[in-house]
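Just below is one structure, and these are the notes that go with it.
The values are calculated or read from the model by the stated rules, or taken from the named source; none is laboratory data. Treat the numbers as computed from the prediction; the structure is a model and nothing was measured. Ideal geometry is used to build each Cβ from the backbone, glycine not excepted, and the neighbour counts take in all protein chains shown.
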Amino acid sequence: MSLQLKVIESFVYLFQERNISKASEKLYISQQGLSRQIQALESELGVVLFNRSNSGVEPTAVCKLLYSHYKKMYDEYLCTMSTLNDYKKKISNSYSVAFAYGVTNSLSSDFMFDYQKQHPKVNLEIEEWSQATCIQKLIKGELDAAFLVTPLDNKLIKCTSLIEGEMNIAVHKSHPLAVGNAPIDFKCLDGENLITGVPENAVRGIMDYFCLKTGIHLRVLISSSNNLNFINSMTESIGIAPVTQTMAAKITNPEIVLRKVIIPERAFLYYCTPHNDEKCKDLADIQRYVVNYFQNTPVENLLKPNSAPIPLNRGPVCI
């Protein structure tokens, strides 16, 4: 994307969000970088586009007049790039499928490589990005499909549920929550110290979403890509750690107790595609394969850890 188009993209996102922090987060740039782009556009046009305040930004009258024109330019660019990407994929039989960071900690992705072996004429590019990046890439046509988790907005992308998940927490045997066998209500975790993944981790995203939904607050004690190591080395009660079934199977510390948590909303793994995806035989076949695989594979096999590292094309942040 050219510099001028990036500025137009930033203008569109800021107009829609009315907040520099939220817009920069969706654009994956710093707040300072977004501000500089908008200031450069204002300087070029010779007008003020946004009035700034502590609560956010408010479009000026001229900004509202220009928005529809810039939005049309941006949408036409996305449409053009989508057409180009479709053409490139058509002549190369190449399709990009991504997993949100953290998903492959709980789910063996071997089944996608099995599909590749069964269809040698189809070239699958398996990638791994943060969930937010996957969504943006789907919207922009830079991804053909992605495996994502709750929460999702099906107004932005098509979401096909594959499997419902459950939440467990790992605690030291001396922790008060280690007592008993009955499932724990999520709200009972309020105020606990949290051992969790980095913010880009999909499981961490579910935890953050449920905290927001229930109004409880957890203190992040450890935010790491290797929190399983902390769990297996715990000799005293330092916090709670949300774990998937696969992670639970990897816990070797005899002093750790696992408790099931009653979550405030059902959580799913989804197979996601763009809303504007054109009917393509290969892509339709891939989706049928994925849905059929999850419908007919026992859960214990779905969650089986990989026997070898997965050769993924990783984004800028790796968990």
Would segment 197-204 turn up any residue that is among the basic types (Lys, Arg), surrounded by 17 or more Cβ atoms within 10 Å (Cβ to Cβ) and closer than 30 Å to residue 137 by Cα? yes
For residue 214, all conditions in the list (1) out of contact with any helix residue (DSSP H, G or I) (no Cβ under 8 Å at 6 or more places or on another chain); (2) farther than 30 Å from residue 87 by Cβ; (3) among the hydroxyl-bearing types (Ser, Thr, Tyr) hold save one; what is the number of the exception? (1)
Assess whether residue 268 counts as being among the aromatic types (Phe, Trp, Tyr) and over 30 Å from residue 291 (Cα atoms). no
Could you go through segment 266-280 and let me know if any residue there is at pLDDT below 80, in a helix (DSSP H, G or I), of a type outside the set (Ser, Thr, Tyr) and under 24 Å from the mean Cα position of the chain (by Cα). no
Can you tell me which of (1) modelled with pLDDT of 85 or more; (2) under 26 Å from the mean Cα position of the chain (by Cα); (3) over 30 Å from residue 287 (Cβ atoms) is the one residue 42 doesn't meet? (2)
Complete set of residues in segment 148-179 that are outside any loop (DSSP other than H, G, I, E, B) and charged (D, E, K, R): 158, 164
Could you list all residues from segment 50-62 that are surrounded by 12 or more Cβ atoms within 10 Å (Cβ to Cβ) and over 17 Å from residue 22 (Cβ atoms)? 60, 62
Has segment 172-187 got at least one residue that is under 20 Å from the mean Cα position of the chain (by Cα) and exposed (fewer than 14 other Cβ atoms within 10 Å of the Cβ)? no
Suppose we filter segment 229-265 for residues that are closer than 14 Å to residue 173 by Cα and either of a type outside the set (Ser, Thr, Tyr) or not assigned by TED's automatic domain parsing to the domain that holds residue 177 (or both); how many remain? 16
Within segment 50-70, does at least one residue satisfy the condition of being under 21 Å from residue 276 (Cα atoms) and touching a helix residue (DSSP H, G or I) at 6+ places or on another chain (Cβ under 6 Å)? yes
